[in-house]
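Step one of this worksheet: look at the structure below.
The values are calculated or read from the model by the stated rules, or taken from the named source; none is laboratory data. Keep in mind that this is a model prediction, so the values were computed, not measured. In this analysis, Cβ positions are derived from the backbone assuming ideal geometry, glycine residues included, and neighbour counts consider all displayed protein chains. Ligands, DNA and RNA are excluded from the accessible area calculation, which covers all protein heavy atoms including side chains. Shrake-Rupley method; radii C 1.70, N 1.55, O 1.52, S 1.80 Å.
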Amino acid sequence: MANEDVWNVQRLLAWTTEFLKSHGSASPRLEAEILLADTLKATRIELYTRFDEVPTPEQLTKFRDYVRRRGAGEPVAYLVGVKEFYSLPFQVTSDVLIPRPETEQLVLESLDFLKRSGVSPDMFHVADLGTGSGNIAIAIARNAPAVHVTAVDVSEAALAIAKSNAERQGVAAQITFVKSDLFDALPDAGPFDVIVSNPPYITRAEYERLEPMVRDYEPELALCGGQSGTDVLLRIVAAAPEKLKPGGLLMLEASPATIDPVVACMKENPLWSDVRVSNDLARIKRYITAYKVSEH
């Protein structure tokens, strides 16, 4: 008969899963495993070979604090300080947006365009606007070793995290980090083959309705794009043609509430061609792609 006074790994996982489920977690077992694995300095898979292990009192104290804070709404990624993106681990703090799987499409499109472009990788230049943790820029650099990326952010704190992530991933030499409000500090930069951005794009009304786990912990600066949600998006599409090579790609992440007005604006601009909208895996309108008109 199991000793109910002993909190071994198996019992901790079972209890925490139920606790997080009751507090609204969409992935309670996964979150329980991540928190306990971080506490024990183990991998999630190793937990399954250590079911009978009883954590030390110090480890139990740390784990209970994690569970308490997660139950109060604090995101798991901020608790453990790491979030995976494009199969790479990224350091994250409350100074940067937590990378989402949907944003991986920006990396995929950029790498696919490189393959189709015929441009030598060492001559291929990408701009990542609003780099945050550096996840887009670093994922591109890791998967295209000769490509150079200019990664900009208005936040010094975010840039410090992005630089640290680039060093950890061994791609710091490929990326130039610049403190800038979009292109403001880059008057002579470019022209770029690709400009990519996951900018703040939700409306003020959407921001106010966000679940507390997002609204109360992640930086508003990286989420809200003004009253209409289009403030930053429209600035990008207005300035990007000057910074792109002819035939160059612009790819933006947006929301269903902001995509249509931005696309309408782009279709009125003769410098953009083949303006398209595509869906994410949940079949929600999420991405805008367009090309700068080629010179004749």
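Could you tell me what percent of the accessible area of the stretch 17-135 is made up of carbon and sulfur, with a 1.4 Å probe and every protein chain present? Result for the stretch 17-135: 53 percent of the exposed heavy-atom area is carbon or sulfur.
Give me the lysines in straight-line cross-link reach of Lys62: C-alpha distance below 24 Å, same-chain residues under 8 apart excluded. The reachable lysines, counting only those whose Cα sits under 24 Å from Lys62, are Lys21, Lys41, Lys83.
Accessible area per residue for the chain in Å², computed with a 1.4 Å probe and the full protein assembly in place, what is it?
Accessible area per residue, the chain: 49 Å².
Among the lysines, which have Cα under 23 Å from the Cα of Lys292 when same-chain residues fewer than 8 positions away are ignored? Answer for Lys292, where 23 Å is the Cα cut-off: Lys115, Lys243, Lys245, Lys267, listed by chain and number. Only one of [x] -0.70, -1.24; [y] -0.69, -1.48; [z] -0.62, -1.25 was calculated from the structure for log10 I(q)/I(0) by the Debye sum over Cα atoms at q = 0.11, 0.16 Å⁻¹, and its label is [x].
Excluding Tyr287 itself, calculate the net charge of residues whose Cβ lies under 12 Å from the Cβ of Tyr287, where each Lys or Arg counts +1 and each Asp or Glu counts -1. The partial results should precede the final answer.
Values: positive: Arg276, Lys285, Arg286; negative: Glu102, Glu104, Glu109, Glu253, Asp280.
After counting each charged neighbour, the total is -2.
Seen from Glu46, the other residues with C-beta closer than 15 Å to its C-beta sum to a net charge of -1, counting Lys and Arg as +1 and Asp and Glu as -1.
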